[in-house]
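Engineer: Before we start, here is the structure in question, set down as structure tokens.
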Amino acid sequence: MTTTPMSAATERQLDLARLTRPDFPLLDQFLQGRPLVYMDHAATSQKPRQVIDALVEYYRCHNANVHRGAHTLSARATEAFEAARATVARFVGAADAREIVFSRNATEAINLVAYSWGLDHLKPGDEVVLSVMEHHSNLVPWQLMARRTGAVLRHVGITPQGEMDMEHYKALLNGRTRLVSFVHLSNTLGCLNPAAEITAMAHGVGAHVLVDGCQALPHRPVDVQALGCDWYVGSGHKLCGPTGIGFLWGREDLLEAMAPFLGGGEMIAAVQLGKSTWAELPHKFEAGTPAIAEAIGLAAALDYLTALGLERIHAWEQQLTQHLFDHLQAVDGLTIYGPDPRQQPDRGALASFTVAGAHAHDMAALLDSAGICIRSGDHCTQPLHRALQVTATARASLSFTNTMEEIDRLAHELQEAVHLLRQNGEPGLG
Ligand SMILES: *Cc1c(COP(=O)(O)O)cnc(C)c1O
């Protein structure tokens, strides 16, 4: 079933797909008459029944608003909501649950830092260092902030292998650098960026560091304290959790010193008509009724991942990734963007690619008609695609629920699709 030289026993032990598939009801269905193959986990993850059950149980048995009212249901909802925060804190290695701020998604968490910290700390001529591989969520908030504050944006390029160009990064750092914000694991290139090293270098010139952990968190253990960064953001729906929930981790002293982001109920201590005082961390940053059920669902998802073991998830996904690359690289005219797993074994379980003579959207459409879901387009990384000189790539992104056989099916159907598209002779591609 796999070409990796492992004993059958080890292999079976690592086959997390066999172990977990019964937990994912959505994956057990047919699409266009074929068993569904889901390979778009980098866009959003599927949810185990443990998460679905937690959502249903919350609404059936405990639903009430949090942090107000003395009644039993409100106390129960508050307790479950705050327990969810503690679960997130443990998952990322935070020193205290006060350092976890719930948000609507990772995008909102980045905007929180841009507005709360950026507006007060960025001055004309200050520099913000990002990279060309950033998700639009880590580009646009800083563009808005640069326009408001007069700060200047700098962008680290990539190497020919599709990794962060560390020489370029070093050259961009200087005494005017106030912030470095970068993606931990690229959703398009799949490269794992050396977050601890990038952070240490930024701190060396006195800059703060924000890390976009959306794609790293679901696939490997992450410890924010070991990374040494100042803020780290994650997304619930990428972590087998519900949509509508994300989070910001921040160092307590930094969060303490930051102004509130949005104003309203829940985030205040006392309100007068003309002025107010703020609630303690983390509530200062959580205006209005939060996504209670979603936070509880996210905690159930993190418990699920923790029980499986992030190390085991990573190990199984490494095997899947090598198998994926071996098969894709055998397709004539196919180019993968991002480091080869033989060069960077720690890279993410995804592959963005183009094939000469076949457009990404056409390949995705033909694969869909064979029951296989992959993504095509720019994956919210338009500047990166421009740097790679392609308008669109196809992307297969895996999780621990995927099997070796599914990768075989992808490769087979892709070959067929490419053959068909070349026969039909797309314009401009010989
Ligand atoms: C998905 C993703 C985001 C945006 O996350 P949302 O929670 O959907 O806002 C940001 N960065 C990366 C790398 C992502 O993969």
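Engineer: Quick one: is residue 351 within 30 Å of residue 143 (Cβ to Cβ) and crowded, with 17+ Cβ neighbours inside 10 Å?
Structural biologist: yes
Engineer: Ok, one more. Please go through (1) touching a residue at least 60 places away in the same chain (Cβ under 8 Å); (2) surrounded by 20 or more Cβ atoms within 10 Å (Cβ to Cβ) for residue 360 and return the number of the only condition it doesn't satisfy.
Structural biologist: So the condition that residue 360 fails would be (1).
Engineer: With respect to residue 223, is the statement that it is surrounded by fewer than 22 Cβ atoms within 10 Å (Cβ to Cβ), away from the ligand (no atom under 16 Å from the Cβ) and without any contact (Cβ under 8 Å) to a residue 12 or more places away in the chain true?
Structural biologist: Spelling it out, it is not the case that residue 223 is surrounded by fewer than 22 Cβ atoms within 10 Å (Cβ to Cβ), away from the ligand (no atom under 16 Å from the Cβ) and without any contact (Cβ under 8 Å) to a residue 12 or more places away in the chain.
Engineer: Hey, can you tell me all the residues within segment 158-179 that are more than 16 Å from the ligand (Cβ to nearest atom), closer than 25 Å to residue 219 by Cβ and in contact (Cβ under 8 Å) with a residue 24 or more places away in the chain?
Structural biologist: Result: 161, 166, 169.
Engineer: I've got another one for you. For residue 79, state whether it is of a type outside the set (A, V, I, L, M) and away from the ligand (no atom under 16 Å from the Cβ).
Structural biologist: yes
Engineer: Quick check on residue 289: is it more than 22 Å from the chain's Cα centre (by Cα), hydroxyl-bearing (Ser, Thr, Tyr) and not in a strand (DSSP E or B)?
Structural biologist: In short, yes.
Engineer: Please identify the pairs in which a residue from segment 294-308 that is among the aromatic types (Phe, Trp, Tyr) has its Cβ atom under 6 Å from the Cβ atom of a residue that is buried (at least 20 other Cβ atoms within 10 Å of the Cβ), counting only partners at least 6 apart or on another chain.
Structural biologist: 304/48
Engineer: Among the residues of segment 7-47, which ones are at pLDDT below 95, closer than 20 Å to residue 367 by Cβ and either assigned to a helix (DSSP H, G or I) or among the basic types (Lys, Arg) (or both)?
Structural biologist: Result: no residue meets the conditions.
Engineer: Considering only segment 120-134, state which residues are among the hydrophobic types (A, V, I, L, M, F, W, C) and within 17 Å of the chain's Cα centre (by Cα).
Structural biologist: If the condition is that a residue be among the hydrophobic types (A, V, I, L, M, F, W, C) and within 17 Å of the chain's Cα centre (by Cα), then 130, 132, 133 are the ones that fit.
Engineer: To continue, here is another question. When you check residue 171 against the structure, is it surrounded by fewer than 21 Cβ atoms within 10 Å (Cβ to Cβ), within 22 Å of the chain's Cα centre (by Cα), in a helix (DSSP H, G or I) and modelled with pLDDT of 95 or more, yes or no?
Structural biologist: No: the conditions fail for residue 171.
Engineer: Another question, then. Given the residues 239, 185, which is the only one that is in contact with a helix residue (DSSP H, G or I) (Cβ under 8 Å, 6 or more places away or on another chain) and touching a residue at least 40 places away in the same chain (Cβ under 8 Å)?
Structural biologist: After ruling out the rest, the residue left standing is 239.
Engineer: Mind checking whether some residue in segment 236-246 is of a type in the set (D, E, K, R) and more than 12 Å from the ligand (Cβ to nearest atom)?
Structural biologist: Scanning segment 236-246, I find no residue that is of a type in the set (D, E, K, R) and more than 12 Å from the ligand (Cβ to nearest atom), so the answer is no.
Engineer: Now for a different question. Inside segment 41-61, can you point out the residues that are surrounded by fewer than 20 Cβ atoms within 10 Å (Cβ to Cβ) and touching a Lys or Arg at 6+ places or on another chain (Cβ under 8 Å)?
Structural biologist: Across segment 41-61, the qualifying residues are 43, 44.
Engineer: With segment 337-430 as the region, which helices (runs of 4 or more DSSP H) entirely inside it contain at least 2 residues that are over 20 Å from residue 131 (Cβ atoms), at pLDDT 95 or above and touching a helix residue (DSSP H, G or I) at 6+ places or on another chain (Cβ under 8 Å)?
Structural biologist: Filter on segment 337-430 gives 360-368, 404-424.
Engineer: Exactly one of these conditions fails for residue 125: (1) surrounded by 15 or more Cβ atoms within 10 Å (Cβ to Cβ); (2) at positive phi. Give me its number.
Structural biologist: It fails just one condition, (1).
Engineer: Kindly indicate whether any position in segment 50-73 is in contact (Cβ under 8 Å) with a residue 60 or more places away in the chain, over 30 Å from residue 265 (Cα atoms) and either assigned by TED's automatic domain parsing to the domain that holds residue 20 or part of a helix (DSSP H, G or I) (or both).
Structural biologist: Yes, there is a match, as at least one residue in segment 50-73 is in contact (Cβ under 8 Å) with a residue 60 or more places away in the chain, over 30 Å from residue 265 (Cα atoms) and either assigned by TED's automatic domain parsing to the domain that holds residue 20 or part of a helix (DSSP H, G or I) (or both).
Engineer: Please find, within segment 98-135, the residue that is nearest to the ligand (Cβ to nearest atom) out of those that are under 23 Å from residue 173 (Cα atoms) and acidic (Asp, Glu).
Structural biologist: Looking at residues that are under 23 Å from residue 173 (Cα atoms) and acidic (Asp, Glu), I get 134.
Engineer: Still on this structure, I have one more. Mind counting the residues in segment 76-110 that are within 25 Å of residue 191 (Cβ to Cβ) and either buried (at least 18 other Cβ atoms within 10 Å of the Cβ) or not assigned by TED's automatic domain parsing to the domain that holds residue 252 (or both)?
Structural biologist: Of the residues in segment 76-110, 7 are within 25 Å of residue 191 (Cβ to Cβ) and either buried (at least 18 other Cβ atoms within 10 Å of the Cβ) or not assigned by TED's automatic domain parsing to the domain that holds residue 252 (or both).
Engineer: Hey, does segment 270-282 have a residue that's within 16 Å of the ligand (Cβ to nearest atom) and either closer than 15 Å to residue 98 by Cα or not assigned by TED's automatic domain parsing to the domain that holds residue 402 (or both)?
Structural biologist: Checking segment 270-282: not a single residue is within 16 Å of the ligand (Cβ to nearest atom) and either closer than 15 Å to residue 98 by Cα or not assigned by TED's automatic domain parsing to the domain that holds residue 402 (or both).
Engineer: Then there's this: Of all residues in segment 109-129, which are in contact with a helix residue (DSSP H, G or I) (Cβ under 6 Å, 6 or more places away or on another chain) and closer than 25 Å to residue 43 by Cα?
Structural biologist: Passing the criteria: 110, 111, 114.
The values are calculated or read from the model by the stated rules, or taken from the named source; none is laboratory data. This is a predicted model, so every value here is computed, not measured. Cβ coordinates were reconstructed from backbone atoms using ideal geometry, including for glycine residues, and neighbour counts include every protein chain displayed.
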